[in-house]
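The values are calculated or read from the model by the stated rules, or taken from the named source; none is laboratory data. Because the structure is predicted, anything quoted here is derived from the model rather than measured. Heads up, the Cβs are rebuilt from the backbone with ideal geometry, glycines too, and the neighbour counts pull from every protein chain shown.
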Amino acid sequence: MLNSWNHRTSCTAFLAFIMLVSFDSHAVIRADSIDVVAGRSLAEWSAELQSSSPVARRRAVLSVGTFGKSAVSVLTKALAHEDAVVRYWAASELGDLSEAAKSAVEPLRKMLGEKSIGVRIAAGYALCRIGRVEEGLPTLLEGLQHNERGVWNSSADFLARIGPPAKAAIPTLEAEGKRGADHIADICNEALRRIRGVDQPVPSKTSNQTQGDAAGGKANKKVAATAVFSKAFLDEDVARFSKPAEKRKQPNVLWISAEDISPSLGCYGDSYALTPRLDQFASEGMRFTRCFTHAGVCAISRSGLITGMYPVSIGSQHMRSQIELPSNVKAFPEYLRAAGYWTTNRSKTDYNFPPPKAAWDENSPQSRDWRGRAAGQPFFSVINLVTTHESQIRGKFGETLHDPAKAQLPPYIPDTPVTRRDWARYADLLTTLDQQVAAILDQLKADGLAQDTIVFFWGDHGQGLPRGKRWLYDSGTRTPLIIRWPGKLESGSVCEDLVCFLDFAPTMLRLAGVEVPSHLQGRRLAALEVGSTAISHQPTAISREYIFGHRDRMDETYDLIRSARDTRFKYIRNYAPRRTYAQNITYMNQMPTMRELRRLNAEGQLTGAPALFFRESKPVEELFDTEADPHEVVNLAERPEHAVTLKRMRAALERWQEDISDSGLIPEPLLVTPLKVP
């Protein structure tokens, strides 16, 4: 099955004062005077329900729901659609319409008899919301007893959305919350809070400050302290890559990755930063100004980076899930190992699937990096630094090295001593990171390998602060990328190409002279093609016009957001606009700045950009001019002068969804078998 239970301890309970205000993200009443949603009328979206494209049909049913009460008849008819995904979303959307959807009672009752538990729980939710709790609730309770994680997640989420009428579910939720695995206790607490109608959440049984491998960089529990794997794990699909495509020297490559950082470095123009060694490193190599991940959170970001595939094309888009990869999708170090590389990882994996045994010769905190290889063997070593992770910002510490009074706060963060202290702490951690990078580079030099090794420095996603991490704004997806390749890349050079994390895999394979599998969705970095005399004969017209992103379930909270960005504009499509930006995520709510935002909002003290986060609903579309508005707070989507740009960006996003068969439009409880990748 695609998902399986991944036992980890839950996060700590919310602090009581965070919850001075309850955010029921599903209680928003939608206007019924909407004429157009994302460029199409209700009639046009209704016609899309008959499209031969599954992606188009599923996008259509979610868009139809945005029209509110006027869409009831269309949604009711869709309950009989041949596509189970359309039926699920139609039922869910009708449930959100509550009393206005009473006319759909009979077809919803009929859905309770379907074979798929995923479809049944959507129908059960809708029946509960339109006043038929005695009919719908048993199916949701059945879902809570299901061993398929996606079914459990959705059932608990539906119960939270129902609120007090679901009080009969309290004993089951209390029992489930005691499991203490992963985010189970958190979502149970949120459901119990809403059902009980209280502001203060039920305390979690356990406390987890780092979410294990997700945050603390601990080795995957399935990997021994110093795990050494045999090439016997290589399968036929990988073995055919064992001979390099070209006869040339295979370069050594070192990756240094950092957690939760935006380009907040001196070499990127941040005057608040104290990062002398990284600044020097940038002067020795190439600095990329437009490097983006596809998701603003670690596991989803790393899932795409290690496979060269968008997570929404392989089913790994939900945070804190453990999927089964499609059979022909590999972690790219498997190909490098097959081609003779010594591959090591120290030590974070966190891919949303178990690290393949064939990927790494050593994968642990005790990895010997390049020192464990055979004489003359090329190496690919990854060293993950966790110093800057969000959990370290909120940790206990004394005075900051950086003066909080000089912190450069973005406009969407209120200016208070609490927020300034968090920003100063983030800057302090970057300085510590800088020193750690210096030690690694010094060791490489001491071993006589500095001139013979390509070194990548990158961050796994944006800064671990509110409206950064987890979101698709540049503050969550834009990262530093610096590459030093002595004798090949010009010192102090700058690349302004759009670069996506999916580009790392094909670039690495190309550098190693290994054939690039056709199903990879990234592109080789054109800058490295130009910079290398060894491969300069290859085509260089491989840069891109757009990069794309997605946000799906984050721990215990569902959302469905997609984005497209060119060199100037950012387009965001919110497929679940009724879900407020301010949904509760236990782990996120531990950040002092987040607690400060919630406190100020509860007291009515937020205005301007900081108040945007607490709107009752999201706009269906967002459009930002990142040159004029780098913090993305001025939405241009409804301004006539930007209509052409809006249409262009929307079309680009929809083409991409079709091209990669966006599985995020499939509800998690229906996503239970490995996807087929061409």
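Key figures for this structure:
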item: Condition met for Leu509 (within 26 Å of Asp659 (Cβ to Cβ), part of a loop (DSSP other than H, G, I, E, B) and out of contact with any strand residue (DSSP E or B) (no Cβ under 7 Å at 6 or more places or on another chain)); result: no
item: Residue list for the range 384-402, restricted to those being surrounded by fewer than 21 Cβ atoms within 10 Å (Cβ to Cβ) and in contact with a strand residue (DSSP E or B) (Cβ under 8 Å, 6 or more places away or on another chain); result: Asn384, Thr387
item: Lone qualifier among Arg598, Arg573 - being under 22 Å from Thr66 (Cα atoms), in contact with a helix residue (DSSP H, G or I) (Cβ under 8 Å, 6 or more places away or on another chain) and buried (at least 21 other Cβ atoms within 10 Å of the Cβ); result: Arg573
item: Elements of type helices (runs of 4 or more DSSP H) in the range 290-371, at least 3 residues being within 20 Å of Gly459 (Cα to Cα); result: 298-307
item: Any hit, the range 7-18, residues being more than 26 Å from the chain's Cα centre (by Cα), modelled with pLDDT under 95 and surrounded by fewer than 17 Cβ atoms within 10 Å (Cβ to Cβ); result: yes
item: Ala338 vs. criteria at negative phi, among the small types (Gly, Ala, Ser), buried (at least 24 other Cβ atoms within 10 Å of the Cβ) and touching a helix residue (DSSP H, G or I) at 6+ places or on another chain (Cβ under 8 Å); result: no
item: Only one of Glu622, Glu658, Glu668 that is crowded, with 16+ Cβ neighbours inside 10 Å, within 30 Å of Trp152 (Cα to Cα) and among the charged types (D, E, K, R); result: Glu668
item: Filter result for the condition that a residue is in the same structural domain as Asp369 (by TED's automatic domain parsing) and either within 24 Å of the chain's Cα centre (by Cα) or assigned to a loop (DSSP other than H, G, I, E, B) (or both), over Leu433, Leu401; result: Leu433
item: Residue within the range 28-44 that is in a helix (DSSP H, G or I), out of contact with any His (no Cβ under 6 Å at 6 or more places or on another chain) and at pLDDT below 95 present; result: no
item: Asp270 of a type outside the set (Phe, Trp, Tyr) and either modelled with pLDDT under 95 or not in a loop (DSSP other than H, G, I, E, B) (or both); result: no
item: Some residue of the range 295-305 being surrounded by 24 or more Cβ atoms within 10 Å (Cβ to Cβ), among the charged types (D, E, K, R) and in contact with a Ser or Thr (Cβ under 9 Å, 6 or more places away or on another chain); result: yes
item: Subset tally (residues that are in a loop (DSSP other than H, G, I, E, B) and β-branched (Val, Ile, Thr)) for the range 129-160; result: 1
item: Residues of the range 450-488 classified as more than 26 Å from Pro517 (Cβ to Cβ) and either part of a loop (DSSP other than H, G, I, E, B) or among the aliphatic types (A, V, I, L, M) (or both), total; result: 16
item: Options Phe292, Phe281: the member that is crowded, with 23+ Cβ neighbours inside 10 Å, more than 27 Å from the chain's Cα centre (by Cα) and at pLDDT 60 or above; result: Phe281
item: Residue ID - surrounded by the fewest Cβ atoms within 10 Å (Cβ to Cβ), chosen from residues in the range 63-100 that are assigned to a loop (DSSP other than H, G, I, E, B) and either in the same structural domain as Arg650 (by TED's automatic domain parsing) or not aromatic (Phe, Trp, Tyr) (or both); result: Glu82
item: Selection from the range 257-278 of residues that are touching a Gly at 6+ places or on another chain (Cβ under 6 Å), closer than 22 Å to Asp503 by Cα and either surrounded by fewer than 24 Cβ atoms within 10 Å (Cβ to Cβ) or among the charged types (D, E, K, R) (or both); result: Asp260
